[in-house]
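> Mind having a look at this structure? Questions to follow.
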Amino acid sequence: MAFLNRLGAFARRCWPWLRIPVWVGLGLLFGFILPYTLILNKRVQDRFNDLVFAVPTRVYARPLALAAGTPMTPAALELELTFSGYSHDGGQVVGSWTRQGSTYTISSRGYAGPDGGELPKRIEVTLGNGSVLQVRNADTRDAIPVAHLDPARIATLYGAKQEERRFVQLADVPPLLLSGLQAVEDRDFKHHIGIDFSAIARAMFANMRAGHTVQGGSTLTQQLVRNLFLTRDQNFTRKFNEALMSLLLEAHYSKGRILEAYVNDVFLGQQGDQAVHGFAAAAEFYFGRRMEDLRPQEIALLVGMVKGPSYYDPRRSPERALARRNLVIQEFANTGLLTAAQTNAAQAAPLGVISDGQLPHNRFPAFMELVRSQITADFDEQSLRDGNLSIFTTLDPTAQLYAEQAITSALKGLGKRANEVQAAGVVTDAPTGSVLAVVGSRTPGEQGFNRAIDARRPIGSLVKPFVYLVALTQPERWNLSTLLDDSPVSMRQPDGSYWEPHNDDNQSHGQLPMVDALAHSWNLATIHLGLAVGLPRIQAFLKSFGLENVSPSPSLLIGALDLSPLQVAQMYQYLAADGHALPLVAVRGVVNGSGQTIKRYQVQTGQGEYQDAVRLTTWALQQVTLFGTAHSIGDSDLARLNAAGKTGTSNDMRDSWFAGYTGQHLAVFWMGRDDNKPTVLFGATGALRAWRELFEKLPTKPLSTTPAPGLELAWINPADGKPTQSSCQGARQFEVVAGSLPADTEGCFWQGVKNLFGGGDQPAAVGSAPPPPSNPDTPPDNTLRN
C-alpha cells in the first residue's frame with residue numbers, strides 16, 4: 001500500500017511536466033495514427049481480398065504431331081524444338097532433347113488445349129527417308145501411335161501494366177523453392193508478425209561492420225507490401241507505411257496466402273516493356289520449362305535473383321549470376337535442404353539459361369492480323385488483353401520460318417532484279433484449310449502493311465485453272481484431250497478500238513489439246529474456251545469463293561482480277577482439298593485461365609463438289625510442273641512431290657505469282673512493287689523461286705499420281721482427241737472421266753491412213769467459231785501474261 005502511495009505521489013509531482021506530451025501523444029494516437037491505420041487497413045483489405053493478378057493472353061502455335069509416316073527431317077524437327085524453347089541437354093529433364101544418330105530423345109512438357117492435351121513424357125523419335133519411322137515411349141520402349149509436342153508461344157496480348165505472369169497455387173510450387181526462398185530471404189517468416197526485429201538488428205550489425213549495405217532486414221511480407229502498394233522511394237514515410245501495412249497484412253491473412261501472393265508477384269526480370277513477375281513466368285522466361293520441372297540449381301538461380309533481377313541477370317551478367325546462384329545453393333545446404341552430393345552437383349552445373357526468353361510479344365505480325373480478324377467476332381480487344389486466355393492457332397512454326405527464309409533467299413538470288421521488289425506468301429494445310437504460315441513482307445516480322453491479306457493485285461494466269469475446271473464439269477463436251485483453238489482474237493471495244501490479246505511468245509499455236517493449252521498458259525486458247533463455256537458461268541463460279549468485283553468480261557479469262565495472296569489461297573484450297581470448299585482458318589480454339597475450352601473453331605467438311613473436274617484440273621496442273629511454265633519443279637529434285645501448280649504474271653510484269661500444292665501443303669507466293677511499277681519478273685522467274693525454296697526444306701507428302709475412283713488414264717491420239725492404242729505413233733495418256741470416251745479405239749493402221757490423207761473427220765477445235773463482234777464490258781487490256 002505504501003508503494004502505491006509513493007507511486008501516486010511521484011506521478012502527481014511529474015504530471016505538470018508530462019501532461020503536455022501525454023495529451024499530444026493521445027491526440028496523435030486518436031487524431032492521426034488510429035484514423036491513418038484504419039485507412040491503410042481498408043486499403044490493404046480491399047486490395048488483398050480482391051487480389052487479381054494481371055495475367056496476359058497468350059497465343060500459341062499448333063502442337064507438333066509425331067507419328068510413323070509423318071514427313072519430317074532432322075533440320076525441321078530441330079528447328080521446331082529450338083523454336084519451342086527446348087534445350088539440347090540430354091533429354092532427361094522436361095523441356096529438353098538429345099540426339100543419337102537418327103533417333104531423338106525428347107522430354108515433352110505436356111499441354112492442355114481445346115482438343116484435349118497430353119501429359120509430359122519422354123519419347124524416342126526415329127527419322128529416316130524424310131519421315132518419322134517410329135515413335136515410342138523412352139522409358140517403357142512401347143510404340144506410341146501419335147505423340148504431340150506442346151505448342152510454341154508465338155504472341156502475347158498484354159494489358160495496361162505489360163506484366164508477364166503465370167498464376168500458380170501454393171500447392172503447385174516445388175517445396176524446395178518455398179523452403180529455399182525462406183532460407184535466403186526470410187528465415188523467420190513462419191514466426192514473425194510482418195516485421196522481423198532480429199533480422200533488422202542482424203542487418204544493421206552486418207552493414208556497420210562492412211561499412212556499406214550488404215544485407216537487408218525486410219521480410220517477405222514487407223517485400224510483398226512494397227510491390228503491391230508502395231513505390232521504391234527511400235524515405236521515412238514509405239518505410240513507416242511499409243512496416244504498418246505489413247503488420248496489418250499479417251493480422252488479417254494466413255502465412256500461406258501471403259506466400260502465394262509473393263510467389264506470383266515478385267519481380268524477376270524484364271524484356272523490353274514486359275516485366276516478368278512470379279516464379280512460374282520466370283521459369284519459362286529463363287529455362288523454357290514449367291516451374292514444377294525446375295532442377296535445384298535453377299531454383300537457386302531464381303531465388304538468388306530476388307535480391308536484384310537486373311544486377312544478377314544471367315544473360316547479361318552470367319559470371320555474377322553464377323556466383324550468386326552458388327552462394328544460394330550453399331545456403332540451401334547450410335539449412336539442410338540439399339545433401340552434400342546434391343550441393344556439389346548443383347554448383348558444378350552450368351547456368352542452363354536458354355538464349356531466347358519465351359516472351360514473344362508478336363513474332364509473326366502478318367499471321368496475327370489474320371488471327372485477330374477471325375477471333376474478333378467472339379472477343380473484343382479488351383477481352384483479349386484482360387481475359388487471361390490461351391488462344392491456340394493453326395500456325396506451323398517450321399512452315400512459317402521456312403516461308404520467310406524462302407522469300408529472303410529467292411530475292412537474294414534475283415540480285416539487282418529484286419531491288420524495290422516486295423513479297424508475300426500464304427501456306428495452308430491442303431486437306432483441312434488450316435493456315436500454317438503468313439508472310440506479309442520481304443522483311444520477316446515487319447509491322448505495317450500486310451501484303452498477304454491487304455494487297456490486291458492482278459492475278460494473271462492464276463485464274464486459268466478455274467476456267468478449265470468449269471469446262472471439265474461437262475465431261476460429255478470437254479476433256480483434257482479436247483482440241484482448243486489458239487488462233488488470234490480481235491474484239492471491238494465501245495470506243496471503236498479492238499481488244500487483241502496475244503500469247504506470251506506472240507505466236508498462235510493452232511489447235512492443241514486442252515492440257516497443253518493450260519500447261520503452257522496460252523492466252524488465246526483459254527479465251528476461246530472461256531467464251532464457249534460462257535462468261536456468266538465462270539463469273540458465278542469465281543464469286544462462289546466470296547470474291548467481289550468479278551467483271552464478266554473476256555479479260556477475266558486471262559487474269560483481269562485483283563486479289564490478295566490470301567484470297568488466291570482460298571481459291572486454290574478448293575483444288576488442294578479435292579473439291580471441298582473449306583474456309584481458311586487460323587484459330588483452333590480458346591481456353592480460359594481455368595483450363596476450360598470456351599470456344600472451339602471447327603470446319604465441318606461435307607461432300608466434295610465437282611470432284612471429277614477438280615481432280616482432272618489437278619492432273620493438268622501436275623503437267624504444268626512437268627513440261628509447262630513451272631517445269632523447273634519437274635526438272636529438279638522436287639519432281640518427287642508430283643506437285644500441281646500454276647504461274648501467273650500481270651501486265652508489264654508488274655506482278656509475279658505462283659500457287660502450287662502437294663499432298664499435304666498449299667503455298668501461294670507473290671512478288672511485286674508497292675508502287676506498281678514493272679519488276680521484270682515472270683511468275684516462273686520470281687514467285688516460283690520462293691515456292692521451290694520453301695519445299696526444298698519443308699517436309700511434305702507427295703501428291704498422288706494414281707487416278708481417283710471414277711477416273712482413268714486413256715491413250716488418245718492428240719491430233720483428233722479420239723481413243724487409240726498405246727503403240728500408235730504420237731499416242732499420249734490423258735486422265736479422263738471413266739466411260740466418257742467412245743468405246744471404239746482406232747487402230748494404228750487406220751490412224752496413219754487418216755493422218756496421211758488429212759485427218760478425215762477430225763473435229764473442229766473448241767472456240768473455232770468467230771467470237772462476237774464486240775463486247776461493251778471488255779476493257780482494252782490485252783497483255784496479261786502467263
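The values are calculated or read from the model by the stated rules, or taken from the named source; none is laboratory data. It should be emphasised that the depicted structure is a prediction, and the values quoted were computed from it without experimental measurement. Note that each Cβ is placed from the backbone with ideal geometry, even for glycine, and that neighbours are counted across all protein chains shown. Ligands, DNA and RNA are stripped out before the accessible areas are found, and what is left, the full protein with its side chains, is counted by its heavy atoms. Shrake-Rupley method; radii C 1.70, N 1.55, O 1.52, S 1.80 Å.
> Given the condition under 21 Å from the mean Cα position of the chain (by Cα), buried (at least 16 other Cβ atoms within 10 Å of the Cβ) and within 17 Å of Phe287 (Cβ to Cβ), answer yes or no: does some residue in the range 93-100 qualify?
Taking the range 93-100 and keeping what is under 21 Å from the mean Cα position of the chain (by Cα), we get 95.
Retained after the next criterion (residues that are buried (at least 16 other Cβ atoms within 10 Å of the Cβ)): 95.
After this cut, where a residue has to be within 17 Å of Phe287 (Cβ to Cβ) as well, the list is 95.
The answer is yes, given that some residue of the range 93-100 is under 21 Å from the mean Cα position of the chain (by Cα), buried (at least 16 other Cβ atoms within 10 Å of the Cβ) and within 17 Å of Phe287 (Cβ to Cβ).
> Open to solvent by less than 10 Å² (accessible area, probe 1.4 Å) and either over 22 Å from Gly660 (Cβ atoms) or not basic (Lys, Arg) (or both): does that describe Leu584?
No.
> Please state which of the following conditions Thr408 fails to meet, knowing it meets all the rest: (1) of a type in the set (S, T, N, Q); (2) on the phi > 0 side of the Ramachandran plot; (3) surrounded by fewer than 18 Cβ atoms within 10 Å (Cβ to Cβ).
Of (1) of a type in the set (S, T, N, Q); (2) on the phi > 0 side of the Ramachandran plot; (3) surrounded by fewer than 18 Cβ atoms within 10 Å (Cβ to Cβ), only one is false for Thr408: (2).
> For the range 367-378, does any single residue satisfy the condition of being among the small types (Gly, Ala, Ser) and over 19 Å from the mean Cα position of the chain (by Cα)?
Yes.
> Which one of these does Asp744 not meet: (1) acidic (Asp, Glu); (2) part of a loop (DSSP other than H, G, I, E, B); (3) under 24 Å from Ala659 (Cα atoms)?
Asp744 satisfies all of (1) acidic (Asp, Glu); (2) part of a loop (DSSP other than H, G, I, E, B); (3) under 24 Å from Ala659 (Cα atoms) except (3).
> Is at least one residue of the range 482-490 under 30 Å from Pro431 (Cβ atoms) and open to solvent by less than 20 Å² (accessible area, probe 1.4 Å)?
Scanning the range 482-490, I find no residue that is under 30 Å from Pro431 (Cβ atoms) and open to solvent by less than 20 Å² (accessible area, probe 1.4 Å), so the answer is no.
> Out of all the residues in the range 118-143, which are open to solvent by less than 50 Å² (accessible area, probe 1.4 Å) and under 25 Å from Arg600 (Cβ atoms)? Reasoning before the result, please.
Just the residues of the range 118-143 that are open to solvent by less than 50 Å² (accessible area, probe 1.4 Å), to begin with: 118, 122-128, 130-132, 135, 137-138.
The one that is open to solvent by less than 50 Å² (accessible area, probe 1.4 Å) and under 25 Å from Arg600 (Cβ atoms): Glu118.
> For Ala403, state whether it is open to solvent by less than 30 Å² (accessible area, probe 1.4 Å), among the small types (Gly, Ala, Ser) and assigned to a helix (DSSP H, G or I).
yes
> Which one of these is of a type in the set (S, T, N, Q), open to solvent by 70 Å² or more (accessible area, probe 1.4 Å) and farther than 24 Å from Gln223 by Cβ: Ser383, Ser355? Outline the logic, then answer.
On the way: Ser383 fails: open to solvent by 70 Å² or more (accessible area, probe 1.4 Å).
So the residue among Ser383, Ser355 that is of a type in the set (S, T, N, Q), open to solvent by 70 Å² or more (accessible area, probe 1.4 Å) and farther than 24 Å from Gln223 by Cβ is Ser355.
> Hey, another quick one. Hey, can you tell me all the residues within the range 286-313 that are at pLDDT 90 or above and farther than 22 Å from Ser179 by Cβ?
Ser310, Tyr311, Asp313, listed by residue number.
> Follow-up. Taking the residues in the range 301-347 that are among the polar types (S, T, N, Q) and within 22 Å of Gln270 (Cα to Cα) as candidates, determine which candidate is least open to solvent (accessible area, probe 1.4 Å).
Here the residue is Ser317.
> Return only the number of the condition from (1) open to solvent by less than 50 Å² (accessible area, probe 1.4 Å); (2) at positive phi; (3) of a type outside the set (S, T, N, Q); (4) at pLDDT below 75 that Gly758 does not satisfy.
So the condition that Gly758 fails would be (1).
Residue by residue, here is whether (1) among the basic types (Lys, Arg); (2) outside any helix (DSSP H, G or I); (3) open to solvent by 10 Å² or more (accessible area, probe 1.4 Å) holds:
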residue: Glu420; (1), (2), (3): no, yes, yes
residue: Ala423; (1), (2), (3): no, yes, no
residue: Val426; (1), (2), (3): no, yes, no
residue: Arg442; (1), (2), (3): yes, yes, yes
residue: Gly448; (1), (2), (3): no, yes, yes
residue: Ile453; (1), (2), (3): no, no, yes
residue: Phe466; (1), (2), (3): no, no, no
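> If Leu666 meets every condition in (1) of a type in the set (A, V, I, L, M, F, W, C); (2) closer than 18 Å to Lys412 by Cα; (3) open to solvent by less than 40 Å² (accessible area, probe 1.4 Å) apart from one, which number is that one?
(2)
> Does Val590 satisfy the criteria of being in contact with a Phe, Trp or Tyr (Cβ under 9 Å, 6 or more places away or on another chain), closer than 22 Å to Arg451 by Cα and touching a residue at least 12 places away in the same chain (Cβ under 8 Å)? Steps first, answer last, please.
Details: in contact with a Phe, Trp or Tyr (Cβ under 9 Å, 6 or more places away or on another chain): yes; closer than 22 Å to Arg451 by Cα: no; touching a residue at least 12 places away in the same chain (Cβ under 8 Å): yes.
Criteria not met by Val590.
> Please go through the range 276-297 and give me each residue that is farther than 20 Å from Gly110 by Cα and not in a loop (DSSP other than H, G, I, E, B), ordered by number.
Of everything in the range 276-297, those that are farther than 20 Å from Gly110 by Cα and not in a loop (DSSP other than H, G, I, E, B) turn out to be Val276, His277, Pro296, Gln297.
> Provide a single number: the residues in the range 286-300 that are open to solvent by 10 Å² or more (accessible area, probe 1.4 Å) and under 16 Å from Ala321 (Cβ atoms).
The number of residues fulfilling the criteria is 4.
> Condition first: assigned to a loop (DSSP other than H, G, I, E, B), among the polar types (S, T, N, Q) and out of contact with any strand residue (DSSP E or B) (no Cβ under 6 Å at 6 or more places or on another chain). Can you find one or more residues in the range 94-113 that meet it?
No, every residue in the range 94-113 fails to be assigned to a loop (DSSP other than H, G, I, E, B), among the polar types (S, T, N, Q) and out of contact with any strand residue (DSSP E or B) (no Cβ under 6 Å at 6 or more places or on another chain).
> Related question: Conditions: (1) buried (at least 20 other Cβ atoms within 10 Å of the Cβ); (2) in contact with a Ser or Thr (Cβ under 9 Å, 6 or more places away or on another chain); (3) at pLDDT 85 or above. Leu181 meets all but one. Number of the miss?
Condition (2) is where Leu181 drops out.
> Restricting attention to the range 298-320, which residues are assigned to a helix (DSSP H, G or I), touching a residue at least 12 places away in the same chain (Cβ under 8 Å) and more than 20 Å from Ala333 (Cβ to Cβ)?
Pro318
> Looking only at residues in the range 158-178 that are modelled with pLDDT under 90, in contact with a helix residue (DSSP H, G or I) (Cβ under 6 Å, 6 or more places away or on another chain) and not β-branched (Val, Ile, Thr), which one is most open to solvent (accessible area, probe 1.4 Å)?
Here the residue is Phe167.
> Then there is this: Quick check on my filter: what residues within the range 668-723 are of a type in the set (A, V, I, L, M) and in contact with a Pro (Cβ under 8 Å, 6 or more places away or on another chain)?
Val668, Leu713, Ala714, Ile716
> Which one of Gly660, Gly628, Gly648 is within 26 Å of the chain's Cα centre (by Cα) and surrounded by 24 or more Cβ atoms within 10 Å (Cβ to Cβ)?
Gly660
> Could I ask something else about it? Output the residues belonging to the range 59-82 that are open to solvent by 30 Å² or more (accessible area, probe 1.4 Å) and among the hydrophobic types (A, V, I, L, M, F, W, C).
Listed by number, the residues that qualify are Ala65, Ala68, Ala75, Leu79.
> Determine the pairs where a residue that is under 21 Å from Leu79 (Cβ atoms) and modelled with pLDDT of 95 or more, located within the range 403-420, has a partner that is basic (Lys, Arg) and not in a loop (DSSP other than H, G, I, E, B) with Cβ atoms under 6 Å apart, the partner being 6 or more residues away or on another chain.
Ala410/Arg689
> Same structure again: In this structure, does Gln347 turn out to be over 35 Å from the mean Cα position of the chain (by Cα) and either without any contact (Cβ under 8 Å) to a residue 12 or more places away in the chain or at negative phi (or both)?
Spelling it out, Gln347 is indeed over 35 Å from the mean Cα position of the chain (by Cα) and either without any contact (Cβ under 8 Å) to a residue 12 or more places away in the chain or at negative phi (or both).
> While we're here: As an exercise: evaluate Ala532 against (1) modelled with pLDDT under 95; (2) over 29 Å from the mean Cα position of the chain (by Cα) and give the number of the one condition it does not meet.
(1)
> Restricting to the range 490-536, give me the number of residues that are over 24 Å from Gln733 (Cα atoms), touching a residue at least 60 places away in the same chain (Cβ under 8 Å) and in a strand (DSSP E or B).
Summing the residues that are over 24 Å from Gln733 (Cα atoms), touching a residue at least 60 places away in the same chain (Cβ under 8 Å) and in a strand (DSSP E or B) in the range 490-536 gives 3.
> I've got another one for you. Among (1) open to solvent by less than 20 Å² (accessible area, probe 1.4 Å); (2) out of contact with any Pro (no Cβ under 7 Å at 6 or more places or on another chain), there is one condition Ala155 misses while meeting the rest; what is its number?
Of (1) open to solvent by less than 20 Å² (accessible area, probe 1.4 Å); (2) out of contact with any Pro (no Cβ under 7 Å at 6 or more places or on another chain), only one is false for Ala155: (2).
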